[in-house]
Amino acid sequence: MKFFCISDNIDTQIGMRLAGIEGVVVHTSEEVDEALNKACNDKEIGLVLVSPKLMNLCPDKIYNIKLHSKYPLVVEIPDRHGDAKISETITEYVRKSIGVKI
């Protein structure tokens, strides 16, 4: 099972490439859609890493993949411009998922 990175930042892509993870650098929603289609059609790819900016460009497509496809698993990864409030993000996710405020 392989990883595939879809990023809007060349630095993130280079870092992933150094770790052995292939991917693409894209900037428009059409490019993101094309990269997601490529990843979804490759049966060897099990995990797609997507930068936050790109997650916001085409959330419907990404959430459709998350809800209706077994493979690949789509995960948002922080980039160098990322939000340092990761614990708040996790807390909000838990609250929305199970309805419990922690």
Cβ-Cβ below 6 Å, separation at least six or inter-chain, first residue in segment 14-32 and open to solvent by 50 Å² or more (accessible area, probe 1.4 Å), second assigned to a loop (DSSP other than H, G, I, E, B): which pairs?
His27/Asp8
Filtering segment 41-73 down to residues that are among the hydrophobic types (A, V, I, L, M, F, W, C) and modelled with pLDDT of 90 or more, which residue is most open to solvent (accessible area, probe 1.4 Å)?
Leu47
All-but-one check, Glu44 against (1) within 10 Å of the chain's Cα centre (by Cα); (2) over 13 Å from Thr12 (Cβ atoms); (3) in contact (Cβ under 8 Å) with a residue 40 or more places away in the chain, failing number (1)
Taking segment 63-81 and keeping residues without any contact (Cβ under 8 Å) to a residue 60 or more places away in the chain and closer than 20 Å to Ile21 by Cα leaves Tyr71, Leu73, Val74, Val75, Glu76, Pro78
On the given criteria, is Gly82 under 14 Å from the mean Cα position of the chain (by Cα) and either open to solvent by 100 Å² or more (accessible area, probe 1.4 Å) or modelled with pLDDT under 70 (or both)?
yes
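The values are calculated or read from the model by the stated rules, or taken from the named source; none is laboratory data. These figures come from a predicted structure and were not determined experimentally. Here the Cβ is made from the backbone with ideal geometry for all residues, glycine too, and neighbour counts use every protein chain on show. Calculation scope for accessible area: heavy atoms of the full protein, side chains included, ligands and nucleic acids excluded. Shrake-Rupley method; radii C 1.70, N 1.55, O 1.52, S 1.80 Å.
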